[in-house]
Amino acid sequence: MGNRYFSKSAVESMVPSGLGGSGISPSAIDDVIANGDNLIIGTQKRFDKGAVFVWTENNGSIVRSIRVNKVNSVSDLASNPHNIFGYLDNELDVLLTQSGWTKGSYGGTSDAVMYFKQTNAGRSEIVFNYGGGLHSGGQTFKKPYYYKLEGPEFGRRIRVIDKQTYPASEFQNAIQNETFKLVDGPTGTIWKQ
């Protein structure tokens with residue numbers, strides 16, 4: 001399509017959402033590659049813009065994989081927490097507030113935004129963390145580099161990260177010592193159950 005080759009899995013990802021795909025068009029893929037953030041991963045390059053992730057090879061001429069994270073409801077995040085990855089807090093503000101969540105102050109040292117919901121079962125929280133604290137080595141990012149979901153709404157404590165950009169030492173610490181579920185945002189891979 002155009003001046004790019006697409007793998008079979010990439011084409012299957014592009015079919016309309018009613019048929020099981022993401023419904024993303026080749027022009028949208030071009031936009032992500034031209035205007036998104038990029039990260040070199042081995043022989044591939046990953047581009048992301050918002051909640052759309054595109055993996056390419058051969059200087060962008062081959063599209064290997066496409067993933068679109070879609071948040072249809074907050075309750076969907078219990079089983080698919082990676083679907084939040086790529087979103088800014090203000091992009092989900094309407095969905096969260098219409099679903100009864102309240103924007104609150106985050107008490108940690110990080111530059112983060114927190115939403116919470118109090119029910120009879122207890123308090124649930126979603127934190128969009130932009131860095132500045134322990135896990136980022138003091139760096140602050142323009143979009144969340146990890147998300148924390150906890151409370152009865154999610155069944156357990158979950159951290160959604162990008163393993164490619166999350167500090168390696170903090171990732172190893174989380175794998176070895178933390179009790180939360182650890183999920184890779186761009187791919188949905190579960191690193192720790």
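Can you name the residue in segment 163-188 that is surrounded by fewer than 20 Cβ atoms within 10 Å (Cβ to Cβ) and either in contact with an Asp or Glu (Cβ under 8 Å, 6 or more places away or on another chain) or not assigned by TED's automatic domain parsing to the domain that holds E91 (or both) and, of all such residues, is nearest to I40 (Cα to Cα)?
The qualifying residue nearest to I40 (Cα to Cα) is K163.
Out of G155, G108, G104, G131, I need the residue that is free of Cβ contacts under 8 Å to residues at least 60 places away in the same chain and on the phi > 0 side of the Ramachandran plot. Which one?
Residue meeting the stated conditions: G131.
Filter segment 84-115 down to the residues that are modelled with pLDDT of 90 or more, more than 17 Å from G131 (Cβ to Cβ) and not in a helix (DSSP H, G or I) and list them by number.
S99, G100, W101, T102, K103, G104, Y115
Just one of K45, K8 is within 28 Å of W191 (Cβ to Cβ), of a type in the set (K, R) and surrounded by 14 or more Cβ atoms within 10 Å (Cβ to Cβ); which is it?
When all the criteria are applied, what remains is K45.
Are any residues in segment 95-124 surrounded by 12 or more Cβ atoms within 10 Å (Cβ to Cβ), under 20 Å from R157 (Cβ atoms) and of a type in the set (V, I, T), and if so, which ones?
Selection gives V113 alone.
The values are calculated or read from the model by the stated rules, or taken from the named source; none is laboratory data. All values reported here derive from a predicted model rather than from experimental measurement. Cβ sites come from the backbone with ideal geometry, for glycine too, and all protein chains shown count toward neighbours.
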